[in-house]
Amino acid sequence: MMSRVTLMHFSFNHCPAGLTVLAVAAVCLGAAFPCSCNAGERWFRGNLHGHTTNSDGKLPPEEAALWYREHGYHFCVITDHRRLTPVEPLAHVQTPEFIVLPGIELDSKPGGKNVHTCGINIRSEIGPQGGETVPDALQRQVDAIRAAGGVAMINHPNWTRAFNAEEVLPVRGAALLEIYNMSSGCENEGDPASGVRSTEQMWDWLLTRGMRIWGTATDDVHTYVPGHPDGPGKGWVMVRARELTPQAIASALARGDFYASTGVELQDLRVGRESLALKVRPAAGLRYRIELRGPEGRLLEVAHGEAARFDLSGRTGYVRVRVLASDGSLALVQPVFLDAGRQE
Ligand SMILES: [Zn+2]
Ligand SMILES: [Zn+2]
């Protein structure tokens, strides 16, 4: 399966200010690698999780979408609780450089535990799903989202300390896991004193056991005031796609062709079986630590600075890159699977 290697370099010369990707190359080795190799692709910035006055958000859908449009985003997903907010009435907000995707946030409460998932780019309403246990509730929600044509994201496992990685592992068909939900109370960092893993540790635990699930950062915005604990602009994804359409964005999310960010932007990302290289788009006054992590989240290599190239030959399992800036912001590159893993 590793015999066919294609290397392509391509560049983008039509990108909004601040989002230009100078060059991206990808090495494809079949289905094991979440990369695309077609020229003409761009990076699109988007928020995957946000509420409006159709649930407990503070702005109506139009104004919520406009916040993202006016702050350099290319798309946002409206994920109101228990209802699909239609995006057709928002056609006048959408432009060739900004779209709104339909979504929903489902919830169940098995055993008193808050189990939430977002359905991204769903085509129909989804009713209550219930569930007897956390894995059962997650599976019902994921199945309902997929049946409605959407991409499923498992949300904020540490919010109210609802569930752990062991309860996520049996779930099939979830493409995404919220690693950095930037709204208040999500305890992304966990609580070591109480044995609560961080969401990144959960992700590594799952990846180590063969689950192929991509990590996201989201706003879960409720209040559209920057700096507010539930405000916008704190966690997003940069999606690589050929065009800005709901289907192209959803497909790229499903195959892991994106990275998650809480502030760090990448200028160049090259992923292959033999090496992984990236370059950070530096922000004034910040320093960067680029980490290569592997099974169980083990730190394999560290580079200090704005660029790194990691040799992957001889490594097994999976690797992923985490870029940490000196202000605490991050970029999370999706894992590269080096062995045959579980197929979702
Ligand atoms: Zn939620
Ligand atoms: Zn939410």
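General observations
- Residue match in the range 276-283 (condition: assigned to a loop (DSSP other than H, G, I, E, B) and within 19 Å of Leu338 (Cα to Cα)): no
- Condition check for Ser261: free of Cβ contacts under 8 Å to residues at least 60 places away in the same chain and among the polar types (S, T, N, Q): no
- Output for the range 172-184, where each listed residue is under 19 Å from Val134 (Cβ atoms) and open to solvent by 50 Å² or more (accessible area, probe 1.4 Å): Arg172
- Filtering Gly263, Gly272, Gly256 for residues that are touching a strand residue (DSSP E or B) at 6+ places or on another chain (Cβ under 8 Å) and on the phi < 0 side of the Ramachandran plot leaves a single hit, Gly272.
- When Ala284 is tested against (1) within 26 Å of Ser313 (Cβ to Cβ); (2) open to solvent by 40 Å² or more (accessible area, probe 1.4 Å), only condition (1) is not met.
- Of all residues making up the range 157-185, the number that are closer than 29 Å to Ala248 by Cβ, within 16 Å of ligand 1 (Cβ to nearest atom) and in contact with a helix residue (DSSP H, G or I) (Cβ under 8 Å, 6 or more places away or on another chain): 9
- Selected residue (only one of Glu301, Glu274, Glu291 is open to solvent by 20 Å² or more (accessible area, probe 1.4 Å), free of Cβ contacts under 8 Å to residues at least 60 places away in the same chain and out of contact with any Asp or Glu (no Cβ under 6 Å at 6 or more places or on another chain)): Glu301
Residues are listed down the side, and each one gets a yes or a no for (1) more than 20 Å from Leu176 (Cβ to Cβ); (2) surrounded by 20 or more Cβ atoms within 10 Å (Cβ to Cβ):
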site	(1), (2)
Leu66	yes, no
Glu70	yes, no
Tyr73	no, yes
Gln94	yes, no
Glu97	yes, no
Pro110	yes, yes
Gly119	no, yes
Val142	no, yes
Gly149	no, no
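- Ile104 being open to solvent by less than 40 Å² (accessible area, probe 1.4 Å), at pLDDT 95 or above, touching a Gly at 6+ places or on another chain (Cβ under 6 Å) and within 13 Å of ligand 2 (Cβ to nearest atom): yes
- Selection of the range 193-251 for residues being surrounded by 21 or more Cβ atoms within 10 Å (Cβ to Cβ) and acidic (Asp, Glu) yields Asp204, Asp219, Asp220.
- Tally of residues being within 15 Å of ligand 2 (Cβ to nearest atom) and of a type outside the set (A, V, I, L, M) across the range 110-149: 6
- Test: residue in the range 312-319 that is over 19 Å from the mean Cα position of the chain (by Cα), hydrophobic (A, V, I, L, M, F, W, C) and either closer than 26 Å to Val77 by Cα or modelled with pLDDT of 95 or more (or both): yes
- Any hit, the range 164-179, residues being closer than 30 Å to Leu286 by Cα, within 16 Å of ligand 2 (Cβ to nearest atom), in contact (Cβ under 8 Å) with a residue 60 or more places away in the chain and of a type in the set (A, V, I, L, M): yes
- Where strands (runs of 3 or more DSSP E) fall entirely within the range 288-344, those with at least 3 residues that are out of contact with any Lys or Arg (no Cβ under 7 Å at 6 or more places or on another chain) are at 288-293, 307-311, 318-325.
- Here Ala31 meets the list (1) modelled with pLDDT of 95 or more; (2) open to solvent by 70 Å² or more (accessible area, probe 1.4 Å); (3) within 21 Å of the chain's Cα centre (by Cα) almost entirely, failing just condition (1).
The values are calculated or read from the model by the stated rules, or taken from the named source; none is laboratory data. Remember, predicted model here, so these are calculated numbers, not experimental data. Glycine also receives a Cβ, built like all others from the backbone with ideal geometry; neighbour counts cover every protein chain displayed. SASA here: full protein model, heavy atoms, side chains in, ligands and nucleic acids out. Shrake-Rupley method; radii C 1.70, N 1.55, O 1.52, S 1.80 Å.
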